[in-house]
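Working notes, structure below.
What follows draws every value from the coordinates through simple rules; no lab data is involved. None of these values were measured; they are calculated from a predicted model. Using ideal geometry, Cβ is built from the backbone for each residue, glycine included, and neighbour counts are taken over all protein chains shown.
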Amino acid sequence: MAMEILFSDDSNGMLSVQFMNEGDKRPFNSMPESFTGKKLETFYLPEKGILVIGLGKKDDFKADYYRRAAAKAAKLASSYKIHGVGFAADSLSENDAIAIVEGMLLGNYSFDKYKSDDGKFFRVRKIALPTYAKKYHESVQAVAKVCTNVHMVRDLVSDNSDVVTPDFLEKTARAIAKKNRLHITVLHEKELKRLGMNLILAVGQASAQSPRIIVLEYHGSESSHEKVMLVGKGICFDTGGLDIKPRDSMLDMRMDMAGAATVLGIMKSAAELGLRKNIVGLLAVTENLIGEKAYRPKDIIRAYSGLTVENFDTDAEGRLVLADTLSYGARKFNPKLIVEFSTLTGSIVGTFGSHVAGMFGTGNAAEYKKKMYDAGMQTYERVWELPLFEEYLDETAGDRSDLRSLGKTRYNGAIFGAAFLTKFVGDRPFIHIDVAGTAMIDEAKDYMPKDGTGFGVRLAIEFLKKV
């Protein structure tokens, strides 16, 4: 259900939200003295239909506080089944208004597909910004489209793996392409074999649904031939293969296609916003299952690029499917930049938890990495760069083959995975975003729900505006 965005100072019948900085005079005498306006402190006056939210000290304020505050308002309104939320605030900037709309839309979500009617989440239907904020109409409508696509990604990541299969992802991509006039090509098993994409074929050979690479092309700039290429890992379920995962590690492996879902959400958003960029998105899609046809540890496999890879662990399958996809896309489209999203390593979760995604990049991508970092700080989908020094790159050399898929020690796993991927992009600027800790979370926080978060869509759209 789309949320209607109004510009009105009349919040009659809605939950009315007022903001207060720490140390400001309390707006209502009935409020306790203990309420001082600390960061995201709330006080609800049900008889007035007013929610007061603290924004902390003015000098410490971050725009993300508006997102978090708006999400709190959305959740409170939902719990009381209030259909709309109005915000009373003086002097909102454009970025403030955008943050409030983002917080409302992202907080107004729950994956309740399998809940009975009485257990479904009550969705707020209207948001009212002050009348003077109407000058931001175009910007807030644009961000609303992006947030709707974040919801789509969340749904894909959270749903059952027997629903979101390779066939389902292809069907979804075709529907999006048709509606948004994207050019779509799908490389199925026969074509993958003809091209020599033996890595992705090996990973998917135990699945009843064959591997595929889904290619979406968006042409937003007729005056330029430059392209940005996006790649997403789409392992629709990951058992670990013959190197089977422990039970607890396998429980959430429906989320291993989050990178592909993210790229799908980015491509849809770019088309709907009419970005003046040329973007190609590649989804590397398969399942990593167990069976008599499953690929085996220490097999040596020849990649599409011609390099041979000794596979030390069938649970390190993501880097294999990405390797073929990256090298194919780099050769086919000759992009000026490659950005790849994947739930690649548990190691990155151990480093950053669920607050930040790991960013890695080649030396010639320095300018782009800075813009990705800035986009992350602006959207609060934050990334932090880890190094790819030559010693790390050298560790990928194989003994019986050109490359090894896993490092010789149990350390620096996230860095090794990134270093391995760089071997398949040639000399093109390349950024790898490891979203293993941010694509799905165990407990809801602020405007991020439990399970699929949709992390990366807002980040990438903001980044694409900058390049």
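Could you give each residue of segment 42-57 its phi-based ³J(HN,Hα) in whole Hz, using Karplus coefficients 6.51, -1.76, 1.60 with θ = phi - 60°, and x for Gly or Pro?
With coefficients 6.51, -1.76 and 1.60, one gets 10, 9, 9, 10, x, 5, 9, x, 10, 10, 9, 10, x, 10, x, 6 Hz.
Given H placed 1.01 Å from N in the peptide plane, which residues other than close sequence neighbours of GLU385 have an amide H under 5 Å from its amide H?
Sorted by chain and number, the residues that satisfy this are MET359.
For helix 137-158, what angle does its Cα long axis make with the longest principal axis of the chain, in degrees from 0 to 90 and rounded to 10?
50 degrees
Using mean Cβ contacts within 10 Å as the protection proxy, how do 396-402, 169-175 order, highest first?
Listed from highest to lowest mean packing, they are 169-175, 396-402.
Which percent, nearest 5, of DSSP beta bridges in the chain are antiparallel?
Here the share of antiparallel DSSP bridges comes out near 40 percent.
Please list, ordered by chain and number, the residues whose modelled amide H lies under 5 Å from the amide H of VAL231; skip anything fewer than 5 residues away on the same chain.
Placed amide hydrogens put LEU282, VAL339, GLU340, PHE341 under 5 Å from VAL231.
For Cα pairs less than 8 Å apart in space and 6+ apart in sequence, what is the mean separation divided by the residue count of the chain, i.e. the relative contact order in percent?
Reported as a whole number, the value is 15 percent.
Order by neighbour count: TYR44, TYR380, TYR109, fewest other Cβ atoms within 10 Å first, most last.
Lowest to highest Cβ neighbour count: TYR44, TYR380, TYR109.
Can you give me the Rg/Rh ratio for segment 38-104, using Cα atoms for both radii and the Kirkwood formula for Rh?
0.95
To the nearest 20 Debye, how big is the dipole of segment 351-464 about its Cα centre, given +1 on the beta carbon of each Lys and Arg and -1 on that of each Asp and Glu?
100 debye
Looking at LEU251, CYS236, LEU406, which one has the Cα that reaches farthest to the positive end of the dipole of the chain (charges on Cβ: Lys, Arg +1; Asp, Glu -1)?
After comparing all options, I get CYS236.
Dividing the Cα radius of gyration by the Kirkwood radius, what Rg/Rh value follows for segment 336-466?
0.98
To the nearest 10 degrees, how steeply does helix 318-333 sit against the main Cα axis of the chain, on a 0 to 90 scale?
The answer is roughly 90 degrees.
So for the chain, taking the charge dipole from beta-carbon charges (+1 Lys/Arg, -1 Asp/Glu), which of ALA418, ALA99, GLY37 sits furthest toward the positive end?
ALA99
Just check segment 146-466 against the gyration tensor rule for me: Cα atoms, a ≥ b ≥ c as the square roots of the eigenvalues, rounded for a/c under 1.5, and otherwise prolate or oblate depending on whether a/b exceeds b/c.
rounded
Can you compute 3J(HN,Hα) from phi for each residue in segment 387-396, using the Karplus curve 6.51 cos²θ - 1.76 cosθ + 1.60 with θ = phi - 60°, rounded to whole Hz and x for Gly and Pro?
x, 10, 5, 4, 4, 5, 5, 5, 5, 7
In the chain, if the dipole is taken from +1 on Lys/Arg beta carbons and -1 on Asp/Glu beta carbons about the Cα centre, which of VAL339, THR314, ILE266 is farthest to the positive end?
Comparing the listed Cα positions along the dipole, ILE266 ranks first.
Any idea what the dipole of the chain comes to, in debye rounded to 20, about its Cα centre with Lys/Arg Cβ at +1 and Asp/Glu Cβ at -1?
940 debye
If one computes the Cα centroid of segment 388-465 and of segment 1-22, what distance in Å separates the two points?
Computed from Cα coordinates, the inter-centre distance equals 40 Å.
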